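Asker: One structure coming up, written as structure tokens, with questions to follow.
The values are calculated or read from the model by the stated rules, or taken from the named source; none is laboratory data. Computed from a predicted model, the values in this text were never measured in an experiment. Cβ: placed from backbone, ideal geometry, glycine included. Neighbour counts: every protein chain shown. Side chains are part of the model used for accessible areas, which takes the heavy atoms of the whole protein and leaves out ligands, DNA and RNA. Shrake-Rupley method; radii C 1.70, N 1.55, O 1.52, S 1.80 Å.
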Amino acid sequence: MKLDVPNEVLHVHGKLHEAGYEAYLIGGCVRDLILGKEPKDWDITTSATPEKIQEIFPDSFYENKFGTVGVKTESVDQRLHVIEVTPYRLEDEYKDARWPERVVWSDKLEDDLKRRDFTINAIAYEPRKDEIVDPHGGQKAIQQKLIVAVGNPKERFAEDALRMLRAVRLASELDFTIEAETMSGIAENASLLEKISRERIRDEFIRSIETDRPMQALYVVQKLGLLKYIIPELEEAMGIEQNQAHSFDVFEHILR
């Protein structure tokens with residue numbers, strides 16, 4: 001499957017390869033290309049460390065603890081103005097249901113893929129070889145229109161509770177269904193949202209209801225027990241009947 005990759009991205013990928021490093025397109029951009037959608041941003045994962053990446057791209061910037069280096073291009077397209085390049089990495093124990101205690105660089109692509117949230121985001125693409133690396137079945141999930149956690153769903157959501165809202169948002173954006181075991185993992189870990197800042201919850205929730213299927217997102221967050229940690233007042237409206245002129249309870253009336 002030959003994917004349509006812009007020249008700016010191919011240039012960055014090529015420079016990494018010329019320097020002797022592995023490099024793959026990764027995450028949402030690969031997912032969107034497979035779906036025939038235009039990616040909103042572009043990410044590359046590589047065997048190079050942040051320091052080596054910056055040696056290859058002197059005009060780049062590196063301002064985070066996760067190894068992501070922003071590589072500037074001359075593109076006038078804002079989606080291509082900065083290509084994010086991140087080393088293969090492993091993540092240590094999560095203690096706050098959001099960020100890992102420590103990040104370790106790896107020399108194996110497989111290490112990087114197994115730490116990702118959902119199988120549709122754990123697909124790598126090597127454009128020079130036209131090679132897709134998909135050890136967790138992300139292409140199958142795309143074909144089946146399913147959101148499936150990588151590995152054990154409970155572990156993925158315990159690591160980063162915001163992933164639960166991301167699952168709802170992706171399902172709403174793509175018109176996918178959340179796979180049963182992944183859905184159970186969300187329901188069992190719903191209370192972990194209490195550890196996430198209100199601002200991060202707000203941002204992810206707004207993205208969900210700004211999709212073409214906001215009602216779907218609202219019903220799913222309610223069904224999975226997340227709504228009480230997002231808009232508790234809306235949760236309280238469930239089951240409150242209106243007068244005879246209305247066939248819906250207050251919750252359903254608000255949604256409509």
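Asker: Return the long-range amide H neighbours of residue 86 (sequence gap of 5 or more, or a different chain), with a cut-off of under 5 Å between placed amide H atoms.
Answerer: Amide H neighbours of residue 86, under 5 Å, 5+ apart: 44, 45, 46, 69.
Asker: Using θ = phi - 60° and the Karplus form 6.51 cos²θ - 1.76 cosθ + 1.60, what ³J(HN,Hα) does each residue of segment 46-59 get, whole Hz, x for Gly and Pro?
Answerer: Listing the rounded values in order: 8, 7, 6, 7, x, 5, 5, 4, 5, 5, 6, 10, x, 8 Hz.
Asker: A further question follows. Mind putting a number on the dipole of the chain about its Cα centre? Charges go on the C-beta only, +1 for Lys and Arg and -1 for Asp and Glu, and I need it in Debye to the nearest 20.
Answerer: Value, rounded to 20: 240 debye.
Asker: Name the long-range amide H neighbours of residue 118: under 5 Å, sequence gap of 5 or more, or other chain; modelled H, no Pro or chain starts.
Answerer: Amide H neighbours of residue 118, under 5 Å, 5+ apart: 150.
Asker: Between residue 72 and residue 131, what is the FRET efficiency for a Förster distance of 35 Å, r being their Cβ-Cβ separation, to the nearest 0.05? Let's see the in-between values first.
Answerer: Values: r = 27 Å, r/R0 = 0.77.
About 0.85, to the nearest 0.05.
Asker: I would also like to ask the following. Would you give the gap between the C-alpha center of segment 157-173 and the C-alpha center of segment 113-147, rounded to a whole Å?
Answerer: Result: 17 Å between the Cα centres.
Asker: Here's another thing I want to ask about it. Which values, in whole Å and largest first, are the semi-axes of the equivalent ellipsoid of segment 175-234 obtained as the square root of 5 times each eigenvalue of the Cα gyration tensor?
Answerer: Details: eigenvalues 56, 51, 21 Å².
With the √(5λ) rule applied to segment 175-234, the semi-axes are 17, 16, 10 Å.
Asker: Using θ = phi - 60° and the Karplus curve 6.51 cos²θ - 1.76 cosθ + 1.60, what whole-Hz ³J(HN,Hα) does each residue of segment 223-228 get, with Gly and Pro shown as x?
Answerer: Listing the rounded values in order: 4, 8, x, 8, 4, 5 Hz.
Asker: Would you mind telling me the antiparallel percentage of the DSSP bridges in the chain, rounded to 5?
Answerer: 75 percent
Asker: A further question on this structure: Calculate, for segment 1-93, the solvent-accessible area per residue in square angstrom, rolling a 1.4 angstrom probe over the heavy atoms of the protein chains.
Answerer: Computed with neighbouring chains in place, this is 52 Å² per residue.
Asker: Let me ask something else about it. Between their Cα atoms, which of 2/129; 65/195; 15/129; 114/140 are more than 18 Å away from each other?
Answerer: 65/195
Asker: Additional query: Check residue 177: other-chain or 5+ apart residues with amide H under 5 Å from its amide H, H built from backbone geometry?
Answerer: Distant-sequence amide H within range of residue 177: 146, 147.
Asker: Using Cα pairs under 8 angstrom and six or more residues apart, how large is the relative contact order of the chain, in percent?
Answerer: Normalised by residue count, the contact order of the chain is 13 percent.
Asker: Shifting gears a bit: Which value, in Å², gives the accessible area per residue of segment 99-205 when a 1.4 Å probe is used on the protein heavy atoms?
Answerer: With the other protein chains kept in place, segment 99-205 gives 44 Å² per residue.
Asker: Residue by residue, what Karplus-based ³J(HN,Hα) values in Hz, rounded to whole numbers, does segment 131-144 have, using 6.51, -1.76 and 1.60 with θ = phi - 60° and x for Gly and Pro?
Answerer: Per-residue couplings from phi come out as 10, 9, 10, 9, x, 10, x, x, 5, 5, 5, 5, 4, 8 Hz.
Asker: How long is the chain along each principal axis, judged by its Cα atoms, biggest number first, in Å?
Answerer: Computed over the Cα atoms, the extents are 72, 37, 32 Å.
Asker: Sticking with this one: At a 1.4 Å probe, what is the % contribution of carbon and sulfur to the accessible area of the chain?
Answerer: For the chain, the apolar C and S fraction of the accessible surface comes to 46 percent.
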